[in-house]
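Just so you know, all these numbers are worked out from the coordinates, no wet-lab data involved. The model shown is predicted, which means the values in this text are computed figures rather than measured ones. Quick reminder, even Gly has a Cβ in these numbers, built from the backbone with ideal geometry, and neighbours come from all protein chains shown.
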Amino acid sequence: MRISGGKFVITGGASLIGSHVADRLLAEDAGEVVLLDNFALGTPETVSHLDGDARVQLVKGDILRINELYDAFKGADGVFAVAGFLTLPLTQNPPLGLAVNVEGQVNTFEACRYAGVRKLVFSSSIAAYGEPGETLIDEQSPSNLASYQPGSMLYSCTKLIGEALCKLYSANHGVDAIALRYATVYGERQHYRGVNALYIIQNYDRIRRGLPPVLPRDDSEVHDYIHVADVARANVMAMASEITGEVFNVVTGVETTVRRIAEILLEITGSDLEPEWVDDAGGVKATSSPSLKLSREKIRAMLGWEPVVSVEDGIRRLTDWRATQG
Ligand SMILES: NC(=O)c1ccc[n+]([C@@H]2O[C@H](COP(=O)([O-])OP(=O)(O)OC[C@H]3O[C@@H](n4cnc5c(N)ncnc54)[C@H](O)[C@@H]3O)[C@@H](O)[C@H]2O)c1
């Protein structure tokens with residue numbers, strides 16, 4: 001599909017990821033970008049940098065109200081299904097989180113079918129794999145959900161349902177669809193809703209207030225931190241490709257300990273504060289494993305995507321942005 005001149009809708013357009021997908025679409029000369037959001041979690045400020053761009057339309061709409069999707073999707077070439085509740089908000093509000101992630105996703109597909117939208121790119125998550133082991137995880141790996149915290153398990157199940165919808169609507173209903181399994185996404189316009197990205201944003205905000213960064217007692221916990229600009233590029237490449245019915249990891253393949261995150265933040269800020277280790281640094285957890293080996297071979301081979309932002313550069317981009325905030 002051609003991005004240049006096309007019309008694209010981003011559900012959850014006022015999100016961290018949606019706002020960067022919009023930036024990427026505009027950089028590639030998209031003709032029209034509709035940001036649909038009910039502002040349950042995101043805010044219009046997240047996309048205020050796009051105010052005044054005649055190609056961008058910010059629409060208050062709810063994916064739980066299918067009629068609002070019918071209106072927004074009219075004439076659209078593609079939809080980025082980004083709206084969703086992460087593990088933290090879903091754990092805080094299971095009825096709404098489950099409704100948005102499951103019923104809202106079904107509505108999104110139905111509205112695509114009704115409006116004749118050619119393609120949908122779905123924001124899935126590596127949470128679909130559950131607890132990682134020592135071995136390399138690729139898209140063929142089974143889900144290991146039995147030992148997950150209940151909130152994480154629910155979140156994972158909603159993402160697996162979204163992926164099954166991608167395959168179903170792709171095979172049976174003429175809506176091409178790709179699911180992208182993101183690792184821990186972070187970057188400019190970072191929020192406080194991602195449990196693993198909290199180690200970056202919360203600790204940076206603490207250091208700025210003269211407080212020590214806080215780490216879990218076992219700070220060998222690793223995550224795969226992927227910068228949001230790389231995620232946005234993967235979304236647009238998935239939309240542009242003619243591939244359908246596939247699931248791809250969108251990961252760096254690099255394991256970064258939470259201790260290293262604190263070191264990077266202390267280096268960037270030139271702070272001599274010592275981290276503080278506590279028994280329960282975050283409460284709700286996704287994975288907290290000392291090993292997380294994720295393969296990015298399939299997306300490299302089929303879409304030609306590779307990450308370009310290192311965790312050091314990405315965290316600097318986040319902190320540069322944050323420093324401009326109140
Ligand atoms: N951030 C990550 O680390 C990460 C990792 C893997 C997957 N994901 C997935 O990517 C997507 C975006 O993540 P994010 O970090 O940008 O999230 P976010 O919390 O910034 O954005 C979610 C957006 O969805 C909107 N929304 C919620 N309910 C809605 C509804 N009923 N109708 C319309 N909009 C609604 C919210 O207002 C918010 O703007 C989510 O689906 C998330 O599950 C994120």
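Tabulated data
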read-out	value
Residues being more than 19 Å from Asn196 (Cα to Cα) and buried (at least 24 other Cβ atoms within 10 Å of the Cβ) - total across segment 116-136	5
Of residues in segment 159-210 being farther than 19 Å from Ala128 by Cβ and of a type in the set (Val, Ile, Thr), the one farthest from the ligand (Cβ to nearest atom)	Ile207
Strands (runs of 3 or more DSSP E) lying entirely in segment 148-255 (those with 2 or more residues that are over 30 Å from Pro275 (Cβ atoms), touching a helix residue (DSSP H, G or I) at 6+ places or on another chain (Cβ under 7 Å) and of a type in the set (D, E, K, R))	176-182
Enumeration of residues in segment 158-188 that are in contact with a Gly (Cβ under 9 Å, 6 or more places away or on another chain) and of a type in the set (D, E, K, R)	Lys159, Lys167, Asp176
Residues within segment 57-115 that are within 21 Å of the chain's Cα centre (by Cα), surrounded by 19 or more Cβ atoms within 10 Å (Cβ to Cβ) and assigned to a loop (DSSP other than H, G, I, E, B), tallied	8
Conditions (1) more than 15 Å from the ligand (Cβ to nearest atom); (2) touching a residue at least 40 places away in the same chain (Cβ under 8 Å); number of the one not met by Gln140	(2)
The one condition in (1) more than 24 Å from Val236 (Cα to Cα); (2) under 17 Å from the mean Cα position of the chain (by Cα) that Tyr204 fails to fulfil	(2)
Condition met for Gly133 (under 19 Å from the mean Cα position of the chain (by Cα) and of a type in the set (Gly, Ala, Ser))	no
